[in-house]
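The values are calculated or read from the model by the stated rules, or taken from the named source; none is laboratory data. Model, not experiment: these values are computed from the prediction. Cβ: placed from backbone, ideal geometry, glycine included. Neighbour counts: every protein chain shown.
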Amino acid sequence: MEDTVLKVEKFSAFFGDNRVLKDVDLTVRRNVVAALMGPSGCGKTTLIRCVNRMHELIPGAGVAGKMTLVDEDIYTMQPIILRRKVGMVFQKPNPFPTMSIYENVIAGYKLNGIRMAKSELDTIVERSLKRSALWDEVKDALHRKGTFLSGGQQQRLCIARALAMNPEILLLDEPTSALDPKSTSQIEELFVELKRNVTMLLVTHNIAQAARVSDVTAFIYLGELVEFGPTEKMFTVPKDKRTEEYLTGKFG
Amino acid sequence: MTGGHVGRRLAKDTLFKGAVCLLAFLSLLPLFLILYYITMKGISVINWDFLFSLPRPIGESGGGVANAVVGTLMLIALSSVISVPCGIAAGIYLSENKTGKLSNTIRLSVIVLQGTPSIVIGIIAYLWVVAPLKTFSALSGGVALSIMMLPVIIKTTEETLKLIPYHLKEASLALGVPYYRTILKVVLPSGISGILTGILLSVARITGETAPLLFTAFGNQFMNVNIFKPIDSLPYRIFYYAMSPYPEWHSFAWGASFILVVLTLALNLIARGISAKWKIQF
Ligand SMILES: Nc1ncnc2c1ncn2[C@@H]1O[C@H](COP(=O)(O)OP(=O)(O)OP(=O)(O)O)[C@@H](O)[C@H]1O
Ligand SMILES: [Mg+2]
C-alpha cells in the first residue's frame with residue numbers, strides 16, 4: 001500500500017538462542033501514531049531497536065523475517081543510511097553534553113559531516129525547535145549547553161534533534177518515563193500536535209498516554225503480537241483475554 | 001550511660017583526630033622541606049644570564065642552562081608526538097573492547113611497562129635507535145621517554161572513556177553516524193578533560209627522568225635542535241653540574257633543579273585546572 005511507512009512481516013529477534021520476538025506482523029501507515037504496549041520484558045524495546053537496526057549492535061543479537069521502510073528492505077540497506085531516515089528518542093534524555101542547544105539540534109548533520117550554509121542550518125534549528133515546542137523557551141539561549149535544560153526540555157531537545165533529520169518514522173522508547181507529570185503532559189501535547197505530519201512508533205507503559213496520543217495500538221505479550229488495531233476499539237472491547245487482563249492491571 | 005563514659009569516648013575521639021592530623025602533617029613535611037630547600041638554594045641562581053646562556057667550559061665562570069631548557073622542551077615534544085596518538089588509540093581500543101585477547105595483552109603490557117625500570121627502557125631505546133643510527137640523538141631520547149609516557153596515557157584514556165555513558169554513543173549511532181565518527185566526534189570530545197590531564201601528568205612524570213637519557217639523548221653542551229644529534233636536558237645538566245667539583249656549578253645544579261621543579265609543579269597544576277574546568281556534565 002502506498003501510504004505504508006513501516007511494514008513488519010513474520011519478524012523474529014534473538015539474543016543468542018533466546019527468541020524474544022516471535023513472528024511479529026505489524027503495519028504502520030503514514031502520519032499515524034502506533035503505540036506498543038505490553039508487560040515489562042515482552043520485547044517492545046527490542047522491536048523498535050530492530051527498526052533502526054540498533055539491535056544488531058549487541059553481541060550475539062540476531063533477527064529473522066522482513067521489515068520494510070517505505071518499500072525499501074531495512075535489512076538490505078546500509079545501517080547508517082537507514083538510521084538517518086529513522087529518528088529515535090530514548091527513555092533517558094541524552095543530549096550531547098559537549099554541544100550547545102543549537103549544535104544538538106543539527107547534530108545529525110554535523111556529526112555526519114554534511115556541510116550546509118549557516119542560513120540553512122538556522123532554518124532547520126528554528127523549525128525543529130518549533131516543532132518540538134521548545135523554541136520559545138530556548139530561542140535566546142541557543143548557544144548554551146543542552147545539558148543546562150530541565151529533563152523535559154532535554155527530552156524535547158532530543159525530539160528536535162530527531163525531527164531535524166526529517167525522518168520517515170520516529171521511534172520513541174518510553175520517552176516520558178523519566179520525566180515529571182508536567183513535562184510528561186507537555187510532551188504528550190506535543191505528540192498530538194506532531195502526528196499530523198509525523199509517523200511515530202511509541203513504546204509506553206502508560207495506558208492513558210496511549211489512549212490520548214495513539215491511533216493504533218499493538219499489544220505484545222512474551223514476544224508475540226497478541227492484538228493490533230485501533231486504540232479506541234482495543235481499549236473498550238479488547239479481543240484477546242490477555243489484552244484485557246493487561247488493560248485492567250492484572251499484570252504489568 | 002554515665003557522663004564519664006561519654007567523656008572518655010570524646011577524649012579518644014580527639015586523640016584519634018589529633019593522631020591523624022599529626023601523621024598527615026609528617027608525611028607532607030618532606031615535600032615542603034624539599035621545596036623549601038630547592039627554592040632557597042636555587043632561586044638566587046636564576047637570572048637572565050643563567051636562563052639564556054650556554055654552559056661554559058671548565059675554568060670559565062658563569063654560564064647557564066639555555067640548551068638544557070630547549071632540549072627538555074624538545075624531548076617533551078618528541079615523546080608526546082610519539083606517545084599521545086598511540087596511547088589514545090590503545091586507550092580507545094581498551095574502552096571499546098573490555099574483554100578479548102588483544103585487550104588483555106595490552107592491559108598486561110601496560111602493567112609490565114609501568115613497572116619497568118627507566119634505565120632498562122633507556123637500553124631498549126639504545127638498541128632500537130642509537131645503535132642503528134650509530135649516534136646518540138634527541139630522537140632516541142624521545143623514543144625512550146615516549147615508552148615511559150605510554151602506560152599513563154593508555155590508562156587514563158581508558159578510565160576516562162569508560163565513564164562516558166553508553167547512551168551518548170547510542171544517540172550518535174541512532175543518528176546514522178558511523179562508528180569511527182562517533183568515537184572521534186562524540187566519545188573523545190566528551191572525555192577530553194580526562195585525556196588531557198593524563199597527557200600532562202605523563203609529561204610531568206618524564207620531565208625529570210635522567211636514567212633513560214644517559215645513553216640516548218646523552219647530553220650536549222651546545223645548543224642543538226637537530227633531532228638526529230645529541231641533545232641536552234635539565235635532568236642531565238643537573239647531574240653534570242652536581243657531579244663537578246666546582247662550587248659555582250653546584251649552585252647551577254640547584255638553579256636547574258628549581259626550574260625543573262617549577263616546570264613539573266606547573267604541569268600538575270595545569271592538569272588539575274583542566275580537569276576541573278573542562279569537566280563535562282553528563
Ligand atoms: N542486552 C540483552 N541481552 C540479552 N537479553 C536481553 C538484552 N536486552 C533484553 N533482553 C531480553 O529480551 C527480552 C525483551 O526485552 P526488551 O528490553 O525488549 O523488553 P521491553 O518490552 O522493552 O521491557 P520494558 O518494558 O521493561 O522496557 C527480555 O526478556 C530481556 O531479558
Ligand atoms: Mg523497554
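Regarding the stretch A:132-141, can at least one residue be identified that is surrounded by 22 or more Cβ atoms within 10 Å (Cβ to Cβ) and closer than 15 Å to residue A:36 by Cβ? No, there is no match, as no residue in the stretch A:132-141 is surrounded by 22 or more Cβ atoms within 10 Å (Cβ to Cβ) and closer than 15 Å to residue A:36 by Cβ. Selection over the stretch B:87-106 of residues that are crowded, with 16+ Cβ neighbours inside 10 Å and closer than 19 Å to residue B:201 by Cβ gives a count of 7.
Is one or more of the residues making up the stretch B:181-190 touching a helix residue (DSSP H, G or I) at 6+ places or on another chain (Cβ under 8 Å), at positive phi and either of a type outside the set (Asp, Glu) or modelled with pLDDT of 95 or more (or both)? No - not one qualifying residue is present in the stretch B:181-190. Among the numbered conditions (1) under 30 Å from residue A:122 (Cα atoms); (2) of a type in the set (Ser, Thr, Tyr); (3) within 16 Å of ligand 2 (Cβ to nearest atom), the only one that residue A:177 does not meet is (1).
Taking the conditions exactly as written (within 14 Å of chain B (Cβ to nearest Cβ), more than 16 Å from ligand 2 (Cβ to nearest atom) and surrounded by 15 or more Cβ atoms within 10 Å (Cβ to Cβ)), does residue A:19 satisfy them or not? Spell out the reasoning first.
Details: within 14 Å of chain B (Cβ to nearest Cβ): no; more than 16 Å from ligand 2 (Cβ to nearest atom): yes; surrounded by 15 or more Cβ atoms within 10 Å (Cβ to Cβ): yes.
No: the conditions fail for residue A:19.
Only residues that are more than 16 Å from ligand 1 (Cβ to nearest atom) and either touching a strand residue (DSSP E or B) at 6+ places or on another chain (Cβ under 7 Å) or at pLDDT 95 or above (or both): list them for the stretch A:1-12, please. Spell out how you get there, then give the answer.
In the first step, residues of the stretch A:1-12 are kept if they are more than 16 Å from ligand 1 (Cβ to nearest atom); the result is A:1-7, A:9-10.
Listed by number, the residues that qualify are A:3, A:4, A:5, A:6, A:7, A:9, A:10.
Got a sec? Which of B:141, B:115, B:176 is within 14 Å of another protein chain (Cβ to nearest Cβ) and of a type in the set (Gly, Ala, Ser)? Before you say what the answer is, go through the steps one by one.
Numbers: B:141 fails: within 14 Å of another protein chain (Cβ to nearest Cβ); B:115 fails: within 14 Å of another protein chain (Cβ to nearest Cβ).
The conditions single out B:176.
For the stretch A:22-54, taking the residues that are within 14 Å of chain B (Cβ to nearest Cβ), within 9 Å of ligand 1 (Cβ to nearest atom) and touching a strand residue (DSSP E or B) at 6+ places or on another chain (Cβ under 6 Å), the one that is nearest to residue A:72 (Cα to Cα) is identified as A:48.
Being of a type in the set (Val, Ile, Thr) and within 16 Å of ligand 2 (Cβ to nearest atom) narrows it down to one of A:187, A:220, so name that one. Show your work before the answer.
Details: A:187 fails: within 16 Å of ligand 2 (Cβ to nearest atom).
Checking each option against the conditions leaves just A:220.
Could you say whether any residue in the stretch A:84-92 is surrounded by fewer than 22 Cβ atoms within 10 Å (Cβ to Cβ), among the aliphatic types (A, V, I, L, M), within 16 Å of ligand 1 (Cβ to nearest atom) and not in a loop (DSSP other than H, G, I, E, B)? There is no residue in the stretch A:84-92 that is surrounded by fewer than 22 Cβ atoms within 10 Å (Cβ to Cβ), among the aliphatic types (A, V, I, L, M), within 16 Å of ligand 1 (Cβ to nearest atom) and not in a loop (DSSP other than H, G, I, E, B).
Out of all the residues in the stretch A:45-83, which are part of a loop (DSSP other than H, G, I, E, B), within 16 Å of ligand 2 (Cβ to nearest atom) and in contact (Cβ under 8 Å) with a residue 60 or more places away in the chain? Quick ask: steps written out before the conclusion?
Narrowing the stretch A:45-83 to residues part of a loop (DSSP other than H, G, I, E, B): A:52-54, A:58-60, A:70-71, A:77-78.
Next cut, within 16 Å of ligand 2 (Cβ to nearest atom) only: A:52, A:54, A:58.
Hit for the stretch A:45-83 is A:52, nothing else.
Tell me the helices (runs of 4 or more DSSP H) entirely within the stretch B:1-115 that contain at least 3 residues that are at pLDDT 90 or above and closer than 26 Å to residue B:216 by Cα. So that I can check it myself, show each step before the final result.
Details: elements: B:3-43, B:48-52, B:66-96, B:101-115.
Passing ranges, in order: B:48-52, B:66-96, B:101-115.
Evaluating residue A:15 against the criteria (1) within 9 Å of ligand 1 (Cβ to nearest atom); (2) at pLDDT below 95 leaves one unmet condition, (2).
Residue count for the stretch B:156-167, restricted to those that are modelled with pLDDT of 95 or more and facing chain A (nearest Cβ under 9 Å): 0.
Looking at the structure I just gave you, is residue A:132 of a type in the set (S, T, N, Q) and modelled with pLDDT under 95? Working first, answer last.
Details: of a type in the set (S, T, N, Q): yes; modelled with pLDDT under 95: yes.
The answer is yes for residue A:132.
Among the conditions (1) at positive phi; (2) part of a strand (DSSP E or B); (3) within 16 Å of ligand 2 (Cβ to nearest atom), residue A:10 misses just one, which is (3).
Among A:201, A:149, A:170, A:163, which is the only one that is within 16 Å of ligand 2 (Cβ to nearest atom) and crowded, with 21+ Cβ neighbours inside 10 Å? So that I can check it myself, show each step before the final result.
Numbers: A:149 fails: within 16 Å of ligand 2 (Cβ to nearest atom); A:170 fails: within 16 Å of ligand 2 (Cβ to nearest atom); A:163 fails: within 16 Å of ligand 2 (Cβ to nearest atom).
Selected residue: A:201, the only one of A:201, A:149, A:170, A:163 that is within 16 Å of ligand 2 (Cβ to nearest atom) and crowded, with 21+ Cβ neighbours inside 10 Å.
Annotation: residue A:179 fulfils all but one of (1) within 11 Å of chain B (Cβ to nearest Cβ); (2) surrounded by 19 or more Cβ atoms within 10 Å (Cβ to Cβ); the unmet one is (1).
What number of residues within the stretch A:99-114 satisfy the criterion of being at the interface with chain B (Cβ under 9 Å from one of its Cβ atoms) and without any contact (Cβ under 8 Å) to a residue 12 or more places away in the chain? Total meeting the criteria: 3. Taken over the stretch A:57-83, the criterion of being exposed (fewer than 15 other Cβ atoms within 10 Å of the Cβ) and within 14 Å of chain B (Cβ to nearest Cβ) is satisfied by A:57, A:58, A:59, A:60, A:78, A:81. Can you name every residue in the stretch A:22-43 that is touching a helix residue (DSSP H, G or I) at 6+ places or on another chain (Cβ under 6 Å) and more than 16 Å from ligand 2 (Cβ to nearest atom)? Within the stretch A:22-43, A:33 is the sole residue that qualifies.
Out of B:225, B:261, one residue alone is at pLDDT 90 or above and over 18 Å from the mean Cα position of the chain (by Cα). It is B:225.
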